[in-house]
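**Student:** To start, I am sharing the structure in question, which I have written as structure tokens.
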Amino acid sequence: MIILVINCGSSSIKYQLLDMKNDDVYDLLAKGLVEKIGLPLGCITHKPTGKTPVVKELPIEDHKVGMKLVLDALVDPVHGVLKSFDDIEAVGHRIVQGADYFSGSALVNDDVISKIEICCDYAPLHNPAHLLGIHAISHVLPSVPQVVTFDTAFHQTMPEHAYMYALPYEYYEKYHVRRYGAHGTSHQYVSQRGAKLAGLNLGKSRIITCHLGNGSSITAVENGKCLDTSMGFTPLEGMIMGTRCGNIDANIVPYIMKKENLTPDQMTEVMNKKSGFLGLSGKSSDLRDMNELAIAGDHRAKIVLKKLTYDIIKNIGAFVAELNGVDMIIFTAGIGENNARLRRRVCENLSYLGVKIDDNANENARGETIISTPDSKVIVAMIPTDEELVIARDTMHIVSDLDD
Ligand code: ADP
């Protein structure tokens with residue numbers, strides 16, 4: 001089944017076209033990115049498998065125009081990989097926030113759209129863009145079934161005491177204020193792959209998954225289900241991230257707003273876009289830059305690196321307590337997959353658990369790799385995440401069921 005996987009941001013569309021033979025056998029036909037939608041000059045980068053990539057700069061007025069560009073690139077006589085739009089059998093979308101409406105992927109219909117609309121309140125930067133993507137596909141491919149996969153769905157198994165905040169209960173009832181988590185598709189995928197790699201029975205396992213990228217979250221997975229996760233009502237809660245502050249004393253928010261005369265929207269922007277590595281260092285939101293700056297002696301970059309390790313080991317420690325032990329720890333996403341030094345620093349702080357790292361395996365980890373020694377009491381692994389594959393699989397299952 002040929003499936004187009006879409007991840008729409010407010011000014012971007014990431015896409016992958018996969019030919020799914022079954023859950024584990026598939027071909028990636030093409031992938032790409034449309035950027036700077038709505039700006040005077042936009043850009044599409046299209047990478048067809050086995051053909052030369054193409055980059056085009058042009059004004060891209062809105063998501064409908066962007067989506068049309070993606071489809072045109074897929075059927076282009078030179079750079080394309082399909083004969084016609086009709087070859088696309090289904091479209092799967094990544095949706096950041098499904099709140100407590102969705103504990104799994106769903107076929108798009110009016111009811112599903114109205115629930116995603118309600119969830120815009122809790123993910124104002126993401127859900128409206130996802131809806132633009134769904135509507136753009138309905139416009140250009142009206143008869144193709146669409147499926148939505150939620151970053152929050154995997155976390156719906158959290159127990160009440162983990163997802164409730166100790167705020168007046170009426171805010172939960174009136175405004176759905178509770179913890180939802182994020183990156184669920186990634187945590188679910190790497191925990192499943194990790195258990196397989198390590199020969200663990202997922203249904204009887206305690207796994208801690210560390211998704212460390214621009215946005216970072218850590219999850220406790222008990223018997224294949226989410227027990228707790230570090231992100232909360234929004235993807236701001238938890239640990240230090242590229243531009244997000246993570247946990248802070250909530251009283252800091254009104255304090256700074258009064259001192260700096262900031263509106264709620266401005267304060268939200270400070271915490272989401274101007275904090276984290278960027279805010280602390282004052283220089284960059286990219287961890288590679290922090291490493292370089294720290295080597296050159298930059299004190300604030302050194303704080304960032306220490307705080308990142310500290311936040312990771314603090315979350316792991318809390319989740320080991322919640323899980324009453326741990327069988328496996330997994331690192332994934334941009335930082336987790338590529339930064340061997342950080343993985344080593346974290347693991348050195350876990351010697352109390354009997355974690356022993358294999359330096360050679362850690363330094364050379366490419367693709368799914370166990371990076372702990374055979375006598376380590378906890379298995380540690382690096383597993384590249386693949387959220388698009390999960391979306392494509394779910395889409396294939398839901399759409400195949402329609403045909404039955
Ligand atoms: P997003 O959350 O936007 O998907 P990513 O998962 O791509 O982000 O992670 C981005 C982070 O990963 C950046 O801080 C970057 O420094 C780090 N990163 C990406 N590639 C590498 C690499 N090859 N070596 C070290 N760090 C990397």
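The values are calculated or read from the model by the stated rules, or taken from the named source; none is laboratory data. Because the structure is predicted, anything quoted here is derived from the model rather than measured. So basically every Cβ, Gly included, is an ideal-geometry build from the backbone, and we count neighbours across all protein chains shown. Calculation scope for accessible area: heavy atoms of the full protein, side chains included, ligands and nucleic acids excluded. Shrake-Rupley method; radii C 1.70, N 1.55, O 1.52, S 1.80 Å.
**Student:** Cα-based Rg of the chain per 2.2 N^0.38 Å, rounded to two decimals?
**Tutor:** Relative to the rule-of-thumb radius for its length, the chain sits at 1.00.
**Student:** Roughly speaking, what % of Cα-Cα pairs in the range 288-340 are separated by over 16 Å, rounded to a whole number?
**Tutor:** 53 percent
**Student:** Using only Cα atoms and rounding to the nearest 10 degrees, what angle (0 to 90) does helix 299-323 make with the longest principal axis of the chain?
**Tutor:** Rounded to the nearest ten degrees, it is 90.
**Student:** Next question, about the same structure. What whole-number value in Å² describes the accessible area per residue of the range 275-404 for a 1.4 Å probe?
**Tutor:** 47 Å²
**Student:** Hey, got the Cα dimensions of the range 140-268 along the principal axes, in Å, largest first?
**Tutor:** Computed over the Cα atoms, the extents are 55, 44, 33 Å.
**Student:** Next question. Over the range 166-288, what is the relative contact order in percent, taking alpha-carbon pairs closer than 8 angstrom and at least six residues apart?
**Tutor:** Taking the mean separation of contacting Cα pairs over the length of the range 166-288, I get 19 percent.
**Student:** So, with +1 on the Cβ of K and R and -1 on the Cβ of D and E, and no other charges, what is the size of the charge dipole of the range 289-387 about its Cα centre, to the nearest 20 debye?
**Tutor:** 460 debye
**Student:** Taking the Cα centre of the chain as the origin and placing charges on Cβ (Lys, Arg +1; Asp, Glu -1), which of 103, 216, 129 is farthest toward the positive end of the dipole?
**Tutor:** It is 216, whose Cα lies furthest towards the positive end.
**Student:** Cα centroids of the range 125-156 and the range 369-403: how far apart, whole angstrom?
**Tutor:** Using only Cα atoms to place each centre, the spacing works out to 22 Å.
**Student:** From the C-alpha gyration tensor of the range 75-129, pull out the three semi-axes of the equivalent ellipsoid (sqrt of 5λ each), sorted largest to smallest, in whole Å.
**Tutor:** Sorted largest first and rounded, they come to 30, 13, 9 Å.
**Student:** To continue, here is another question. Mind putting a number on the dipole of the chain about its Cα centre? Charges go on the C-beta only, +1 for Lys and Arg and -1 for Asp and Glu, and I need it in Debye to the nearest 20.
**Tutor:** Roughly 1440 debye for the chain.
**Student:** Take every Cα pair under 8 Å in the chain that's 6+ residues apart, average their separations, divide by the length, and report that relative contact order as a whole percent.
**Tutor:** Relative contact order, the chain: 14 percent.
**Student:** A further question on this structure: Measuring from centroid to centroid over Cα atoms, what is the spacing of the range 333-352 and the range 215-293 in Å?
**Tutor:** Using only Cα atoms, the two centres lie 20 Å from each other.
**Student:** What does the C-alpha gyration tensor say about the overall shape of the range 126-207? Classify as rounded when a/c is under 1.5, otherwise prolate if a/b is larger than b/c, or oblate.
**Tutor:** oblate
**Student:** Let me ask another. Report the equivalent ellipsoid semi-axes for the range 352-404 in whole Å, largest first, defined as the square roots of five times the eigenvalues of the gyration tensor built from alpha carbon atoms.
**Tutor:** For the range 352-404, the ellipsoid semi-axes come out as 37, 13, 7 Å.
**Student:** Could you state the angle between the C-alpha long axis of helix 63-75 and the longest principal axis of the C-alpha atoms of the chain, as a value from 0 to 90 degrees rounded to the nearest 10?
**Tutor:** 70 degrees
**Student:** Return one whole number: the accessible area per residue of the range 1-156 in Å², for a 1.4 Å probe.
**Tutor:** 44 Å²
**Student:** Please compute the contact order of the range 280-404 in relative form: average sequence separation of alpha-carbon pairs under 8 Å and at least six residues apart, divided by the residue count, as a percent.
**Tutor:** Details: 134 pairs, mean separation 23.6, N = 125.
RCO, the range 280-404: 19 percent.
**Student:** Largest first and to the nearest Å, give the Cα extent of the range 20-110 along each principal axis.
**Tutor:** 40, 35, 20
**Student:** Counting only protein heavy atoms and a 1.4 Å probe, tell me what percentage of the chain's accessible area is made up of carbon and sulfur.
**Tutor:** Values: 9600 of 18740 Å².
After summing per-atom areas, the C and S share lands at 51 percent.
**Student:** From the cross-link list 259/283; 115/204; 21/225; 31/356, which pairs have alpha carbons spaced over 31 Å apart?
**Tutor:** Those over the limit are 115/204; 31/356.
**Student:** Charges only on Cβ, +1 for Lys and Arg, -1 for Asp and Glu: so what's the dipole of the range 7-78 about the Cα centre, in debye to the nearest 20? Don't skip to the answer; put the middle values down first.
**Tutor:** Values: 9 positive and 10 negative charges, 30 e Å.
Rounded to the nearest 20 debye, it is 140 debye.
**Student:** I'd like to compare 160-170, 269-279: which one has the highest average count of other Cβ atoms within 10 Å, and what's the full order after that?
**Tutor:** Final packing ranking: 269-279, 160-170.
**Student:** Using the charge dipole of the range 137-216 (Lys, Arg: +1 at Cβ; Asp, Glu: -1 at Cβ; taken about the Cα centre), state which of 142, 199, 161 has its Cα farthest towards the positive end.
**Tutor:** 199
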